[in-house]
Amino acid sequence: ELVLDYQPIVSLEDGSLTGVEALVRWEHPRRGRLAPERFIKLAEATGQMVAIGGWVLRTACAQARTWRRLFPDRHPLNIVVNFSGAQLQGPGLVEEVEEALRGAQLDPGSLIVEVTESVALDSEHAVERLRKLHSMGTYISIDDFGTGYSSLDYLRRLPIDVLKIDATFLAELGRESDDSTLVDAILAMSHSLGIIPVAEGVERET
């Protein structure tokens with residue numbers, strides 16, 4: 001009953017589609033389509049998150065392969081997949097990613113591994129696996145930046161390629177708000193570190 005929605009990632013320079021983020025949904029037979037916040041914590045508590053995460057990874061990679069075959073002029077099209085803390089703790093994660101990419105005939109640079117700040121620094125095991133995934137050629141993205149850890153030391157410790165600015169900072173952008181100053185600071189820091197910034201929850205032209 002699980003399905004994936006794909007959220008587009010668009011370049012502000014020319015409006016081109018650069019990638020998509022795979023978002024899992026539950027097509028419940030009685031309750032309709034459920035968003036992740038309705039069932040992910042339950043999946044984690046019951047030990048199902050690793051299996052669900054593996055399915056999301058394989059399904060998203062296969063879809064990316066299909067799109068590349070149907071729309072070769074849109075190549076390269078990156079696929080963003082969210083990884084849970086339970087997945088990063090598993091000993092076979094790197095091999096699972098390699099198998100999913102190989103099965104979909106995708107190069108590692110096609111995949112962006114996305115984790116939250118808290119998940120990335122949950123343990124040394126998580127840090128080590130992120131480093132291994134990065135060393136094989138995948139990209140690492142930090143989700144909900146600015147809402148988790150107050151220390152920015154992890155920007156130095158981890159091989160981060162993308163920072164996703166949380167939607168809460170974007171809601172008041174362009175209006176009388178301190179959020180504009182915060183976003184400017186995040187952008188300046190990203191550029192100085194060679195990290196790609198991504199704005200989450202873009203709804204208005206501003």
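The values are calculated or read from the model by the stated rules, or taken from the named source; none is laboratory data. Predicted model only: the values in this text are computed from it and were never measured. With ideal geometry, Cβ positions are generated from the backbone for all residues, glycine too; neighbour counts draw on all protein chains shown. Just so you know, the surface numbers come from the protein's heavy atoms only, side chains and all, with ligands and any DNA or RNA stripped out. Shrake-Rupley method; radii C 1.70, N 1.55, O 1.52, S 1.80 Å.
Within region 38-53, track down each residue that is free of Cβ contacts under 8 Å to residues at least 12 places away in the same chain, open to solvent by 70 Å² or more (accessible area, probe 1.4 Å) and assigned to a helix (DSSP H, G or I).
Matches in region 38-53: LYS41, LEU42, ALA45.
Please determine, by comparing only the residues of region 42-77 that are at pLDDT below 90 and in contact with a strand residue (DSSP E or B) (Cβ under 8 Å, 6 or more places away or on another chain), which one is nearest to SER16 (Cα to Cα).
Among residues in region 42-77 that are at pLDDT below 90 and in contact with a strand residue (DSSP E or B) (Cβ under 8 Å, 6 or more places away or on another chain), the one nearest to SER16 (Cα to Cα) is ARG74.
Looking at region 169-181 only, could you name the residues that are in contact with a strand residue (DSSP E or B) (Cβ under 9 Å, 6 or more places away or on another chain) and part of a helix (DSSP H, G or I)? Steps first, please.
The first filter runs over region 169-181 and keeps only residues in contact with a strand residue (DSSP E or B) (Cβ under 9 Å, 6 or more places away or on another chain), leaving 169-170, 173.
Listed by number, the residues that qualify are PHE169, LEU170.
Run SER16 past the list (1) in contact with a strand residue (DSSP E or B) (Cβ under 6 Å, 6 or more places away or on another chain); (2) of a type in the set (S, T, N, Q); (3) modelled with pLDDT under 90 and report the number of the one that doesn't hold.
Condition not satisfied by SER16: (1).
Looking at region 184-200 only, could you name the residues that are touching a residue at least 40 places away in the same chain (Cβ under 8 Å) and more than 17 Å from the chain's Cα centre (by Cα)?
ILE186
Can you find a residue that is under 23 Å from HIS134 (Cα atoms) and either hydroxyl-bearing (Ser, Thr, Tyr) or open to solvent by 70 Å² or more (accessible area, probe 1.4 Å) (or both) anywhere in region 24-37? Can you show your working first?
Just the residues of region 24-37 that are under 23 Å from HIS134 (Cα atoms), to begin with: none.
Checked against the condition, which is being under 23 Å from HIS134 (Cα atoms) and either hydroxyl-bearing (Ser, Thr, Tyr) or open to solvent by 70 Å² or more (accessible area, probe 1.4 Å) (or both), region 24-37 yields no hits at all.
Return yes or no: is LEU57 part of a helix (DSSP H, G or I), among the hydrophobic types (A, V, I, L, M, F, W, C) and within 18 Å of ASN78 (Cα to Cα)?
Details: part of a helix (DSSP H, G or I): yes; among the hydrophobic types (A, V, I, L, M, F, W, C): yes; within 18 Å of ASN78 (Cα to Cα): yes.
For LEU57, the condition - part of a helix (DSSP H, G or I), among the hydrophobic types (A, V, I, L, M, F, W, C) and within 18 Å of ASN78 (Cα to Cα) - is met.
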